[in-house]
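**Student:** Sharing a structure with you now.
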Amino acid sequence: MNGVLFASVLGLTSALVWGAGDFLGGLSSRRASVLGALLVNEASGLAVLLTCAILFQEPFPSTLQISWSIAAGIAGVIGLGALYAGLASARASIVAPVSAVVAALLPAVYSAFTIGLPASHQQIGFLLALAAIVLVSYSNQGVGELRALGLALCAGIGFGLFFIFIHQGSAGSTFYPLVFSRGISIPIVLGALLWRRAPLPSKPVLPLALASGVFDAGGNIFFLLATQFGRLDVATILSSLYPASTVILSRIFLHEKISRLQQLGVVLALAAIVLIAL
């Protein structure tokens, strides 16, 4: 398997795992406070990442790597907070696709300036993937307002900067950069939880929140591996197809309907994957 194909497989795996984590996180958030579910998610993910770092005897990162990782954690948790705030405003039809596209575009632009443009067929694949993200994320909620668009842009910028910063901090490492990024996000979420006096998930909901954290950490690991074996823009575009996984899981387990636009998005995503992996 050539390097481009292997990196593409890792990026796509990241999307599948992240999508499963979002699906489980969505279920837990519906049955508990968002901040409570998010805190459990972050904590369980940190436990998985720290365990992997110790088991694989990964070398401790440098001060510069730690700094990039902390910056990634701050950007990521700000993006996540903006995303949840936008979704809570009942404007998911704007927040989800806009945030995903912005998050995918920022690393692509960064890569274009730092390592050059990818092959022409991959560029076409990028465009198809961005269209797929919009279509798959689309919901039938009403037209949004300016505040929802602002939150979506904030979320996308936060996620995009997370992708760039964690890539910078992961040279020669996989687990410890994610440990430090998640380690800084936990006190931020905990502070917000105490400030809002939000409750932790109850015992029936706790397994869902724990599992969502494990899948979220797994998605991060596969994303970092994809960036180490291939280009940052390829890894980011493919990883950003995670809404497709969430939609499909919702159809299977919750029997939610998939609109024709979402079906078209899945088809475009498959075409994009082929073009990017060639």
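**Student:** So which residues in segment 257-273 are outside any helix (DSSP H, G or I) and open to solvent by 50 Å² or more (accessible area, probe 1.4 Å), if there are any at all?
**Tutor:** Taking segment 257-273 and keeping what is outside any helix (DSSP H, G or I), we get 257-259.
Matches in segment 257-273: 257 only.
**Student:** Still on this structure, please answer the following. Of the numbered conditions (1) more than 18 Å from the chain's Cα centre (by Cα); (2) surrounded by fewer than 19 Cβ atoms within 10 Å (Cβ to Cβ); (3) in a helix (DSSP H, G or I), residue 276 satisfies every one except a single condition; which is it?
**Tutor:** Every listed condition holds for residue 276 apart from (2).
**Student:** Which residues, taken from segment 229-255, are among the polar types (S, T, N, Q) and within 16 Å of residue 162 (Cβ to Cβ)?
**Tutor:** If the condition is that a residue be among the polar types (S, T, N, Q) and within 16 Å of residue 162 (Cβ to Cβ), then 236, 239, 240 are the ones that fit.
**Student:** May I pose another question? Starting from segment 163-178, keep only residues that are within 14 Å of residue 70 (Cβ to Cβ), then list their pairs with residues that are of a type in the set (Gly, Ala, Ser) and open to solvent by 20 Å² or more (accessible area, probe 1.4 Å) whose Cβ atoms are within a distance under 7 Å, requiring at least 6 positions of separation or different chains.
**Tutor:** 165/71
**Student:** Here's something else I'd like to know. Can you name the residue in segment 213-256 that is charged (D, E, K, R) and open to solvent by 40 Å² or more (accessible area, probe 1.4 Å) and is also farthest from residue 125 (Cα to Cα) among such residues?
**Tutor:** Of the residues in segment 213-256, the ones charged (D, E, K, R) are 216, 231, 233, 251, 256.
Pick out the ones that are also open to solvent by 40 Å² or more (accessible area, probe 1.4 Å) and you get 231, 251, 256.
Numbers: 231: 14, 251: 26, 256: 28 Å.
Step by step, filter segment 213-256, then rank; the result is 256.
**Student:** So, of the residues in segment 143-162 that are at pLDDT 80 or above and more than 13 Å from the chain's Cα centre (by Cα), which turns out to be nearest to residue 67 (Cα to Cα)?
**Tutor:** In this case the residue turns out to be 154.
**Student:** Would you tally the residues in segment 100-140 being of a type in the set (Gly, Ala, Ser), part of a helix (DSSP H, G or I) and open to solvent by less than 30 Å² (accessible area, probe 1.4 Å)?
**Tutor:** Adding up the residues that qualify gives 9.
**Student:** Applying the selection to segment 42-63, what residues are open to solvent by 20 Å² or more (accessible area, probe 1.4 Å) and in a helix (DSSP H, G or I)?
**Tutor:** Correct list: 43, 46, 47, 48, 50, 51, 52, 54, 55, 63.
**Student:** Say whether the condition of being hydrophobic (A, V, I, L, M, F, W, C), open to solvent by 40 Å² or more (accessible area, probe 1.4 Å) and in contact with a Leu (Cβ under 9 Å, 6 or more places away or on another chain) is met by at least one residue in segment 17-33.
**Tutor:** Checked segment 17-33: no residue is hydrophobic (A, V, I, L, M, F, W, C), open to solvent by 40 Å² or more (accessible area, probe 1.4 Å) and in contact with a Leu (Cβ under 9 Å, 6 or more places away or on another chain).
**Student:** Please verify whether segment 236-244 includes one or more residues that are closer than 27 Å to residue 259 by Cα, within 14 Å of the chain's Cα centre (by Cα), in a helix (DSSP H, G or I) and among the aromatic types (Phe, Trp, Tyr). Quick ask: steps written out before the conclusion?
**Tutor:** Looking only at segment 236-244, we keep the residues that are closer than 27 Å to residue 259 by Cα, and these are 236-244.
Filter once more, keeping what is within 14 Å of the chain's Cα centre (by Cα): 236-244.
Now narrow it down to the ones that are in a helix (DSSP H, G or I): 236-239, 242-244.
From the residues that got through so far, the ones that are among the aromatic types (Phe, Trp, Tyr) too are 242.
Yes, some residue in segment 236-244 is closer than 27 Å to residue 259 by Cα, within 14 Å of the chain's Cα centre (by Cα), in a helix (DSSP H, G or I) and among the aromatic types (Phe, Trp, Tyr).
The values are calculated or read from the model by the stated rules, or taken from the named source; none is laboratory data. Since the model is a prediction, treat every value here as computed from it, not as a measurement. All Cβ positions, even for glycine, are placed from backbone atoms using ideal geometry, and neighbour counts span all protein chains on display. Note: areas computed on protein heavy atoms with side chains; ligands, DNA, RNA excluded. Shrake-Rupley method; radii C 1.70, N 1.55, O 1.52, S 1.80 Å.
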